[in-house]
Amino acid sequence: MARAKFTVSSSQVALESQENVDGEQATVVVTDDNVKGCWLSTWEMLLIAGMAAVLVTASGLVVGLTVPDCGEAPSPPPTKHDGWRTPDTVTPLHYAIELKPYLDPADMDPEDFYFTGNVNITVRCDKETNRIYLHTRRLEVSAIQVYSANDDTAAAVPEFVTSSYDAEREFLMVDLRSKLNVGATYYLYMEFTGKLVKDPNAMNGIYLSSYTSANGTEMWHMASQLESTSARRVFPCFDEPSFSPTYEAVIWRKKHHIALYNTPLLSSSASGEWMIDRFGVTLPMPTYLNAFVVCDFSMIETETMHGTQVRAFSQPGRIDQAQYSLQATKDILEFFEHHYRILYPMDKSDLVAVPDKGGAMENWGLVLYREGIMLYDTEKDSVSQHKSRATVIGHEIAHQWFGNLVTCHWWTHIWLNEGFASFLEWQGADKIEPEWKLWEQFVVDNLQSVMRLDSVPSARALVVPDDVINTPSEISSMFDSITYDKGGAVCRMMEYIMGTDSFNNGLTLFLERHSYGTATTSDLWDALQEQSLLDGSSADMLDGQHIQTIMNTWTLQNGYPVITVTRDYVNGGATVSQQRFLRDSSPTRHLTRNYNQSYELALEWVTADRDSWTSPERLWMHGDAEGE
Ligand code: BES
Ligand code: ZN
């Protein structure tokens, strides 16, 4: 391994940090190569540093520096998606992450809490390039090294020249003197620092949280929330869900704390007043599923029938209230393992009640919940709070398969995570609380609430064109009721039109085929179609149509129809027509296809002489496919 041929150092050269126009912390790292290639004298470096400061101040953006006459011109910027996505030149294979959070009030004022860290990313070069694009946000990157992972000859080592930062696109651009070789692997090492802030409106990345102990002391801890684009706030990374690398982590903590990561603790060693916890390697997963917690919480534990360790953590005084959620997690994990015939593949499943968190997050092996959701206060909680406890746990556990085992390839397919979890949360919760008849409430809670939103022309389609969702705020906008509730309702309809067994078998096929990787909506159709042909009865139920032909009319265009049935009492028949149901008029947006606002429908009915819904008549009503 040819390590440290060229390094950057923050002391040697300029490290500029400046608030940009958005008030975001932006960083310029100007670097030097004192081993090979272009050597800069001190005054040259000072000049460049001065220029950088001027450029930063003048533009409000961080502008990178190119060292004159050294190395090749940088490879052209990514053109895909208006430059918002990383170019397909390198693929991340593995991340080794190390974090050291300073959150001990004995050391500093909580206002000043911060973390330092480093990451060593193994990347494979897929296309020749001398520029690597990574995401970072609000991190001060203070050192960058690139070295070959393949051999130790100096020639194989691409020389690091400089880096720059695009604050709008949140890209750190690392420029190399020579091009990376296609097929070769490299290590990309970076050191960084970030702030630890307690801000209820910004609980993204690593954030601070606290509770008040029995003796009135404010007890500090940190937790993380990385979905959808906040992994880049914790460590520089290729922060897009299409990549499925593995990760390992080392977390430093003080002795009164514990540290938690997605994987089990491998070893702990002491270093002065610090403990260094080393965690195992994850399964392949997207950046947004990483989770880090440092806290002083208590723990209770159990085990699933297949030997997965399940542990619940909460502030010490409330750990008894975690019993319900611990048991629910175990039961629902076992239910989905049985339902999809795929075992939960991680060694452990932790759940943590975080006092200041909003909502819940399905981090693989380390699910985080707002304290009020996870902890059951039998004295104070309302029936509806208790109901949502069961469904939220059902939701996050469903994600361990839909989202974690198989991740949406891009955010335009996020319904494959959130729509399915919204559908399956009811099944999971129903398993632990059958007498609540949760399934009957799905229609009112999810279906009817989103029908209201979907009845205006401006509603978006469930799956929008790939190129309209690029920026972090566009990505956030995908986590709406169309994704969650319409996505869930569409799943329910598919179960109905394909038949329960075939639908479930098709989902198992989908999960098996795309395990530890990503999938698009078309991948789902392929698996369901294959399964429906295998189960002839399902193909009959679909009347020989491809499931994709049917479902495109529901996923690629907005809305839903109102069906008008006109009885002919003289001749004993009826005429049925469909029309999109609209309660308002406003411009339509984000349709991948417009099928003339008509839908492929399975109409089922019973007649007075056969009034049993167990064997209804079924007729397919075809949409008007002129829009094709
Ligand atoms: N994956 C989401 C959390 C999330 C939401 C991340 C939006 C990024 C953007 C999680 O599974 C989720 O949906 N949480 C919900 C609760 C759920 C039961 C509806 C939440 O946090 O509100
Ligand atoms: Zn979810």
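Descriptive notes on the structure:
- For segment 204-244, filtered to residues that are in contact (Cβ under 8 Å) with a residue 60 or more places away in the chain and among the β-branched types (V, I, T), the residue that is nearest to E98 (Cα to Cα) is V234.
- Criterion violated by D377 - all others in (1) within 26 Å of G517 (Cα to Cα); (2) more than 12 Å from ligand 1 (Cβ to nearest atom); (3) out of contact with any Gly (no Cβ under 8 Å at 6 or more places or on another chain) satisfied: (1)
- Meets criteria (away from ligand 1 (no atom under 12 Å from the Cβ) and touching a strand residue (DSSP E or B) at 6+ places or on another chain (Cβ under 7 Å)) for L368: no
- Count of residues meeting criterion [surrounded by fewer than 17 Cβ atoms within 10 Å (Cβ to Cβ) and not polar (S, T, N, Q)] in segment 343-380: 9
- Residue among D112, D152, D126 that alone is within 30 Å of M219 (Cβ to Cβ) and either modelled with pLDDT under 95 or surrounded by fewer than 17 Cβ atoms within 10 Å (Cβ to Cβ) (or both): D112
- For E474, the stated conditions hold: it is assigned to a helix (DSSP H, G or I) and closer than 28 Å to S230 by Cα.
- Taking the listed residues E425, E418, the one that is within 16 Å of ligand 1 (Cβ to nearest atom), closer than 26 Å to R513 by Cβ and open to solvent by 10 Å² or more (accessible area, probe 1.4 Å) is E425, with no other qualifying.
- The criterion of at least 3 residues that are open to solvent by 10 Å² or more (accessible area, probe 1.4 Å), touching a helix residue (DSSP H, G or I) at 6+ places or on another chain (Cβ under 8 Å) and of a type in the set (S, T, Y) is met by none of the strands (runs of 3 or more DSSP E) wholly inside segment 158-244.
- Filter result (more than 20 Å from D350 (Cβ to Cβ) and within 16 Å of ligand 2 (Cβ to nearest atom)) within segment 371-390: S388
- Some residue of segment 260-268 being outside any strand (DSSP E or B) and buried (at least 23 other Cβ atoms within 10 Å of the Cβ): yes
- Positions within segment 381-406 being more than 11 Å from ligand 1 (Cβ to nearest atom) and not aromatic (F, W, Y), in sequence order: D381, S382, V383, S384, Q385, H386, K387, L405, V406
- Condition check for L533: surrounded by fewer than 16 Cβ atoms within 10 Å (Cβ to Cβ) and either part of a helix (DSSP H, G or I) or in contact (Cβ under 8 Å) with a residue 12 or more places away in the chain (or both): yes
- Residue within segment 599-610 that is acidic (D, E), at pLDDT 95 or above and under 30 Å from T508 (Cβ atoms) present: yes
- One residue stands out in segment 468-516 among those that are charged (D, E, K, R), open to solvent by less than 50 Å² (accessible area, probe 1.4 Å) and in contact with a helix residue (DSSP H, G or I) (Cβ under 8 Å, 6 or more places away or on another chain): the one that is nearest to ligand 1 (Cβ to nearest atom), namely D485.
- Residue selection: M346 satisfies the criterion of being in a loop (DSSP other than H, G, I, E, B), more than 16 Å from ligand 2 (Cβ to nearest atom), closer than 28 Å to T229 by Cα and at pLDDT 95 or above.
- Qualifying residue in segment 449-467 (condition: buried (at least 23 other Cβ atoms within 10 Å of the Cβ), touching a strand residue (DSSP E or B) at 6+ places or on another chain (Cβ under 8 Å) and at pLDDT 95 or above): no
- Note on segment 505-526: among residues that are in contact with an Asp or Glu (Cβ under 8 Å, 6 or more places away or on another chain) and of a type outside the set (A, V, I, L, M, F, W, C), the one that is nearest to ligand 2 (Cβ to nearest atom) is H514.
- For segment 303-342, a residue qualifies if it is in a strand (DSSP E or B), under 20 Å from I432 (Cβ atoms) and open to solvent by less than 40 Å² (accessible area, probe 1.4 Å), and the qualifying residues are V310, A312, S314.
The values are calculated or read from the model by the stated rules, or taken from the named source; none is laboratory data. Nothing here was measured: the structure is a model prediction, and the numbers come from that model. Neighbour counts run over all protein chains shown; Cβ positions are idealised from the backbone, glycine included. Keep in mind that these areas ignore ligands, DNA and RNA; they rest on the heavy atoms of the full protein, side chains included. Shrake-Rupley method; radii C 1.70, N 1.55, O 1.52, S 1.80 Å.
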